[in-house]
1. Please go through the range 52-109 and give me each residue that is touching a residue at least 60 places away in the same chain (Cβ under 8 Å), of a type in the set (A, V, I, L, M) and touching a Gly at 6+ places or on another chain (Cβ under 9 Å), ordered by number.
2. I'd like the residue in the range 1-51 that is β-branched (Val, Ile, Thr) and closer than 30 Å to Lys301 by Cβ and, out of all such residues, is surrounded by the fewest Cβ atoms within 10 Å (Cβ to Cβ).
3. Has the range 300-314 got at least one residue that is assigned to a helix (DSSP H, G or I), in contact with a Leu (Cβ under 8 Å, 6 or more places away or on another chain), within 21 Å of Leu84 (Cβ to Cβ) and not assigned by TED's automatic domain parsing to the domain that holds Glu99?
4. Counting only residues that are at positive phi and touching a strand residue (DSSP E or B) at 6+ places or on another chain (Cβ under 7 Å), how many does the range 189-221 have?
5. Within 34 Å of the chain's Cα centre (by Cα), loosely packed, with under 13 Cβ neighbours inside 10 Å and in contact (Cβ under 8 Å) with a residue 40 or more places away in the chain - does that describe any residue in the range 110-125?
Amino acid sequence: MTIDELRKSGLILFEAVVGSRAYGLATASSDTDIRGIFYLPVEDYLSGQYIAQVANASNDEVYYELGRFVELLSKSNPNILELLASPADCIVYQDPIMEQFKMQDFITREAAMTFAQYAMVQVRKAKGLNKKINNPMDRERKSLLDFCFVIAGHGSLSLRDWLSNRYWKQENCGLAKIEHAKGMYALYYDQIQTLGYKGVVATLESNEVSYSSIPKEETLCAYLFVNHDAYSSYCKAYNEYFRWVSERNEARFEGTMNHGQGYDAKNMMHTIRLLQQAKEILSKSELQIRRPNREELLCIKSGAYSYDELFVWSQELFQEVQELCLHSLLPVAPDQVKLRLQLVQMRKQLYRIKL
């Protein structure tokens, strides 16, 4: 099912422009994001052909099935609460049935904390991006050999250097496991390649060392330590880094690089916005979508602050939200029973069911 099919079938109950245009933070380069609510044809719903969400290819337009919308609403999901609280000039269409949802029923302590907690997730994302930007990884992937060290006196020497000093090859090495010594191996060398040693690794892409059958009369050359934990951590970081490179929004990344602060400034702008909205829920009993401090937030987006300054600011706001929540007289969470009955009545009305 596509969005066009929903529209042609008259199944859309609500749609609104969201994101930067709703916040009043749009600039010349801003996209137009649309979110909406629909209900399924009665045949699909009753036959179990349930579709929770429909989106376009770019994910700029996302529509939630009524039941999914109510489920997320019951959990005080920030995106869903913002959709329900859309400014009048951002609402593209609203079926009268949607008027049954009153925003005041969802102004709760849980709502404030979901906004605040979502904001802190953005802080961690920004920190992770900060680390990726300032610690780029080489495209050439390291081998397990780069995590191998030969015990030398009271210290150690990298296996590559140890072999190079002797003009030896890793392919001529033979390893034997040492019992009760994790990561430690006895290393032997076959200069004329007659003993069938398998090398330290079979190939440079190998994730494990190779074991060889060592004749009893062979002389031990060295003890080898393989830091498997460090190699595993490196592989995870390498995969995460280059997955990020392949999936990142290049235009947004260029903006991050241009302001020179080494973090995603748009991400941190939304962090402060979310925390300020959380405070407003608790102090004013309202969810204000259109932001009154456009210039301040766009200043953050431009990279005018350092990551450390914004981190401290976000921590202070989060503590304020926690303190306000502790003394708030707002309901703890939405009335789940009322919301469930509301959904039942809406489905009866939409499907003209009489029970």
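1. Answer for the range 52-109, where residues must be touching a residue at least 60 places away in the same chain (Cβ under 8 Å), of a type in the set (A, V, I, L, M) and touching a Gly at 6+ places or on another chain (Cβ under 9 Å): Leu83, Val92.
2. Of the range 1-51, the ones β-branched (Val, Ile, Thr) are 2-3, 12, 17-18, 27, 32, 34, 37, 42, 51.
If we keep only those that are closer than 30 Å to Lys301 by Cβ as well, we get 3, 17-18, 27, 32, 34, 37.
Values: Ile3: 18, Val17: 18, Val18: 21, Thr27: 8, Thr32: 12, Ile34: 19, Ile37: 25.
Only one residue fits best here, namely Thr27.
3. We begin by selecting, within the range 300-314, every residue assigned to a helix (DSSP H, G or I); these are 300-301, 307-314.
Those left that are additionally in contact with a Leu (Cβ under 8 Å, 6 or more places away or on another chain): 300-301, 314.
In the following step, the residues that additionally are within 21 Å of Leu84 (Cβ to Cβ) were identified as none.
For the range 300-314, residues assigned to a helix (DSSP H, G or I), in contact with a Leu (Cβ under 8 Å, 6 or more places away or on another chain), within 21 Å of Leu84 (Cβ to Cβ) and not assigned by TED's automatic domain parsing to the domain that holds Glu99: absent.
4. Going residue by residue through the range 189-221, those that are at positive phi are 193, 196, 199.
This time we only want the ones that are touching a strand residue (DSSP E or B) at 6+ places or on another chain (Cβ under 7 Å), so: 199.
Residues meeting the conditions: 1.
5. Looking through the range 110-125, none of the residues is within 34 Å of the chain's Cα centre (by Cα), loosely packed, with under 13 Cβ neighbours inside 10 Å and in contact (Cβ under 8 Å) with a residue 40 or more places away in the chain.
Table: residues versus (1) within 40 Å of the chain's Cα centre (by Cα); (2) within 21 Å of Ser232 (Cα to Cα); (3) of a type in the set (Phe, Trp, Tyr).
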position	(1), (2), (3)
Phe147	yes, yes, yes
Gly153	no, no, no
Arg160	yes, yes, no
Arg166	no, no, no
Ala176	no, no, no
Ala181	yes, yes, no
Lys216	no, no, no
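The values are calculated or read from the model by the stated rules, or taken from the named source; none is laboratory data. None of the values given here were measured: they were computed from a predicted structure. Here Cβ is always computed from backbone atoms with ideal geometry, including for glycine, and neighbour counts include all displayed protein chains.
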